[in-house]
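Structure first, then comments.
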Amino acid sequence: MEFTHFNESGRAHMVNVGEKDDTKRVAVARGSIKMKKETVSLIKDGLIKKGDVLSVAQVGGIMGAKKTSDLIPMCHNIFISGADISFNVLEDEIEIEATVSTIGKTGIEMEALSAVSMAALTIYDMCKAADKSMVIDNIRLMKKTGGKSGEYIRE
């Protein structure tokens, strides 16, 4: 496997994607935030003082996708044509899934991973007064389509 983020001198550089074809690209990422059962109950009952946790986390996740190139040094600033965040609230954790899409010259995996990360961090921020022991866990790419490397689906 060749790493393309290094120039001839071995220094980091942003890959030039100008010659690549535009293709439709979609990435799906997942992760979770584990917490006390009581914290999940507070979220479900709307008793977190900062507001509607999942609504704010959804917006935070979308904003995270949009700001990925500001946070990760070699990421291109790409046009995001769609972003959606969904939650599965369990007894002692919240599962997060982000689906992000574009039509462009480079992949959108980092934006999907950033969306999950920011949604989880938003949940942590909103609930930390009630539960500082929360754990953000298992953030991973589930699927990506488009581009030269084709489709990837996690087994």
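Taken together, the values in this text are just the output of simple stated rules run on the coordinates, not laboratory data. Everything numeric in this text was worked out from a predicted model, so none of it was measured. Cβ coordinates were reconstructed from backbone atoms using ideal geometry, including for glycine residues, and neighbour counts include every protein chain displayed.
Sparse packing (at most 12 other Cβ atoms within 10 Å of the Cβ) combined with a DSSP loop state is found for the following trypsin sites (Lys or Arg not before Pro) in the stretch 81-155: Lys132, Lys148, Arg154. Its relative contact order, with pairs defined as Cα atoms under 8 Å and 6+ residues apart, puts the chain at 36 percent.
Given the alternatives [x] 53, 30, 28; [y] 36, 31, 29; [z] 45, 32, 29, Cα extents along the principal axes in Å as computed for this entry is given by [x]. On the beta carbon distance between Lys67 and Lys24, with R0 = 30 Å, the FRET formula returns roughly 0.85. Cross-link check: pairs Lys44/Lys67; Lys50/Lys132; Lys66/Lys105; Lys105/Lys143 evaluated at a Cα-Cα cut-off of 25 Å; pairs beyond the cut-off: Lys44/Lys67. Here the Karplus curve 6.51 cos²θ - 1.76 cosθ + 1.60, taken at θ = phi - 60°, turns the phi angles of the stretch 67-77 into couplings of 9, 3, 5, 7, 9, 10, x, 9, 6, 7, 7 Hz, with x standing for Gly and Pro. Full extension of the chain segment joining Leu121 with Leu90 gains 9.4 nm, where the gain is 0.36 nm per residue of separation less the Cα-Cα distance. In this simple spin-label model, placing a label point 7 Å from the Cα along the Cα-to-Cβ direction at both Ser9 and Phe79 gives a separation of 3.4 nm. Each 10 Å bin from 0 upward holds the following percent of the Cα-Cα pairs of the stretch 2-81: 12, 31, 26, 17, 12, 2.
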